[in-house]
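A short write-up of the structure that comes next.
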Amino acid sequence: MVSGAIFRIAVGFVTAAVMLLGGGIYFSDRYTAEQQRLAAAGDTEAALEHLELAARLNPFSARPLVYESALYRQQGRPQEALRAIEVAIEREPRNYAHYVSLAELQAGELNEPRAAVESYRRALELNPNSIPTRHQLAALYIRLGELEEARDVYIGLMHINRLSLEGRYDLGRIYVRTGAPALGEVRLRETRERAERELEGMAGPQRVQRESFIDSVELAIADALVVQRRYEEAREIIQESEAEQAPAILQLLNADPEAYRETVLESAIY
C-alpha cells in the first residue's frame, strides 16, 4: 500500500515536471518567434528581453541564445554577444555552427584572430565538409600572415574542386610569396581564364566587379613574373592593364626592378 502510494506520487511529480517542461518549451518558442517581429520593428531591447526569457524557459535550447548573440552584435555589444554564444555552446557543444559564430565574433569585433582560428578548427572537427568555414579559416590565416597554413587549406579545397575563384586568386599569390612563383603564375592564369569565361552573360554592377577582379588577377600575374625576374613580360602585362594603379606600378618597375621584386615578396596578400 505504502509503496504503491509512493509510486503514484513519484509518477505525479514526473508527470508535472514533464508538463512544466513542455509548457516552458512552448512559451520559449513563442517568445523566440515574437522577438523576430520586435527586432524587425526596431525594438531591440524588447527583443532581447524576450530572448532572455525564452532561454530561461527552455534550458536545453541554444536557439534563443544564438539570436541574442546576433542582436548584441548588431548593437555593438560584443562582450554580451560573446557570453550568449558561449552559453549556446554549453547547451549544444556538438553544433559546429555555434563555433563558426564564435569565430566570426572573435575575428571581428573582439579582434582576437588567434582565438578565432581555434574556434574555426573546432567547427571543422565537428563538420569537416563545411566549405565556407574552410575558406574563412584560410582567410584568417592570411590575415595572421601564416601563408603556408592558408595555402594548405586552399590546396585541400582545390583537390575536391571546391575552391572559390577568389580562393584560387589568393592561392596563386601565396605561391608567389612562398617560393613557388612559377606555380603561382599557373594558378593565376587559370583564375583569369575562369573569370573571363564567367564574365560572359554578366551585366551591370556584377560585370563591372568581375572586370575589376580580372584586372587585379592580371597585375598579380605580372607580380609572379617579376619574382621570376621576367621583367619584360611583366611590363607588357602592366602596360596593357586598365587597372587604376597600373601606371604607378609600371613606374616603380622601370625605376628599379629588383627593388620592386622585393616589394612583391614582402607585400601582404590583403
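The values are calculated or read from the model by the stated rules, or taken from the named source; none is laboratory data. These numbers were taken from a predicted model, which means no experiment stands behind them. In this analysis, Cβ positions are derived from the backbone assuming ideal geometry, glycine residues included, and neighbour counts consider all displayed protein chains.
Observations on the model:
- Complete set of residues in the range 66-86 that are among the aliphatic types (A, V, I, L, M) and under 25 Å from residue 129 (Cα atoms): 66, 70, 85
- Scanning the range 66-86 for residues that are under 21 Å from residue 127 (Cβ atoms), buried (at least 16 other Cβ atoms within 10 Å of the Cβ) and modelled with pLDDT of 95 or more yields a single hit, 85.
- Residues in the range 155-182 that are in contact (Cβ under 8 Å) with a residue 60 or more places away in the chain and over 15 Å from residue 141 (Cβ atoms): 176 alone.
- Within the range 151-263, helices (runs of 4 or more DSSP H) holding 2 or more residues that are under 26 Å from the mean Cα position of the chain (by Cα) and among the polar types (S, T, N, Q): 204-227
- Residue within the range 112-129 that is free of Cβ contacts under 8 Å to residues at least 60 places away in the same chain, assigned to a loop (DSSP other than H, G, I, E, B) and among the basic types (Lys, Arg) present: no
- Sole exception among (1) modelled with pLDDT under 95; (2) of a type in the set (D, E, K, R); (3) in contact with a helix residue (DSSP H, G or I) (Cβ under 9 Å, 6 or more places away or on another chain) for residue 200, by number: (3)
- Qualifying residue in the range 229-237 (condition: touching a residue at least 12 places away in the same chain (Cβ under 8 Å), at positive phi and either of a type in the set (Ser, Thr, Tyr) or loosely packed, with under 14 Cβ neighbours inside 10 Å (or both)): yes
- Just one residue in the set 136, 106, 206 is in the same structural domain as residue 229 (by TED's automatic domain parsing), over 18 Å from residue 224 (Cα atoms) and polar (S, T, N, Q); that residue is 206.
- Lone unmet requirement of (1) of a type in the set (Gly, Ala, Ser); (2) touching a Gly at 6+ places or on another chain (Cβ under 7 Å); (3) loosely packed, with under 13 Cβ neighbours inside 10 Å for residue 224: (3)
- Residues (polar (S, T, N, Q) and either buried (at least 17 other Cβ atoms within 10 Å of the Cβ) or part of a helix (DSSP H, G or I) (or both)) located in the range 87-111: 95, 101, 106
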